[in-house]
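Report on the structure given below.
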Amino acid sequence: MDETALRALVQRIIKEELDPDRIPIGVSNHHIHLTEADFNTLFPNQEMTVLKPLKQPKEFASKQTVDIVGPKGTIKHVRVLGPCRAHSQVEIARSEALNIGVPAPIRLSGHLDGAPSVKLVTPDGEVTVQGVIIAKRHIHMSNEDAKRFGVKLGDTVSVEVQSQDRRTIYNDVICRPREDFVLEMHIDTDEANAANVDGYTFGKIVKA
């Protein structure tokens, strides 16, 4: 990074740090949530091992990975997130869904009715999971954040993202307040790449 670009980045970070309404943008890579039963089939005699904690409380990326097998291809080494859930779920980007031939719908996490199935494979086992989705863009926030922004659970807002050279407004962003949530908007890798989102990108609600 040259001096001019570095100076612009520093100025951008300082400006955004002083804005109380800024929302950190988190890029959500493809990942898998598993039930305890599916985990035990794929990883017999193993425990889910923490690789690194995630921003939301009690959630973490595990050391375990799985291959997702669709009708037209495979996505290899996809990270399993913990802890285990009541229903297994696979979250991928639209470009990946097209590549492996799966008609994944755009849904909020846990909204799996009618979602297609894929096979999950490890060296030790395989399972078929009904629940492949493209995650609908959303904002995790605390209840206090929701009051400050004037929104409630399920509200739809637009968020302006101040990315370098590709400033973008994301519509159809779902608000997901919960007492213990940490403020962060989630988009997938396709959305992030299209808008030049990096680890220093923030957004701001422009319509509620």
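The values are calculated or read from the model by the stated rules, or taken from the named source; none is laboratory data. For clarity, every value in this text was computed on a predicted model and none was experimentally measured. Cβ coordinates were reconstructed from backbone atoms using ideal geometry, including for glycine residues, and neighbour counts include every protein chain displayed. Quick note on the areas: whole protein, heavy atoms, side chains included, nothing else; ligands and nucleic acids left out. Shrake-Rupley method; radii C 1.70, N 1.55, O 1.52, S 1.80 Å.
For the chain, which whole percent of the accessible surface, found with a 1.4 angstrom probe, sits on carbon and sulfur atoms?
51
Using only the Cα atoms of region 159-208, build the gyration tensor, take square roots of its eigenvalues as a ≥ b ≥ c, and label the shape rounded, prolate or oblate: rounded if a/c is under 1.5, else prolate if a/b is larger than b/c, else oblate.
Prolate, because a/c is 1.5 or more and a/b exceeds b/c.
Using a basic spin-label model with each label point 7 Å from the Cα along Cα→Cβ, how many nm lie between ASP2 and GLN130?
Going from the ASP2 label point to the GLN130 one covers 5.7 nm.
Packing-wise, with mean Cβ within 10 Å as the measure, how do 174-182, 31-39 rank, highest first?
Ranked by mean Cβ neighbours within 10 Å, highest first: 31-39, 174-182.
Within 10 Å, count the other beta carbons around each residue, average over each peptide in 91-104, 127-140, and list them highest first.
The packing order, highest mean first, is 127-140, 91-104.
Express the accessible area of the chain per residue in Å², computed with a 1.4 Å probe while the remaining protein chains stay in the model.
Value for the chain: 54 Å² per residue.
With the crude spin-label approximation of a point 7 Å out along Cα→Cβ, what separation in nm comes out for TYR200 versus LYS58?
Label at TYR200, label at LYS58, 3.6 nm between them.
Highest GNM mean-square fluctuation, the chain, Cα pairs closer than 10 Å: which of GLU59, GLU144, GLU126?
GLU144
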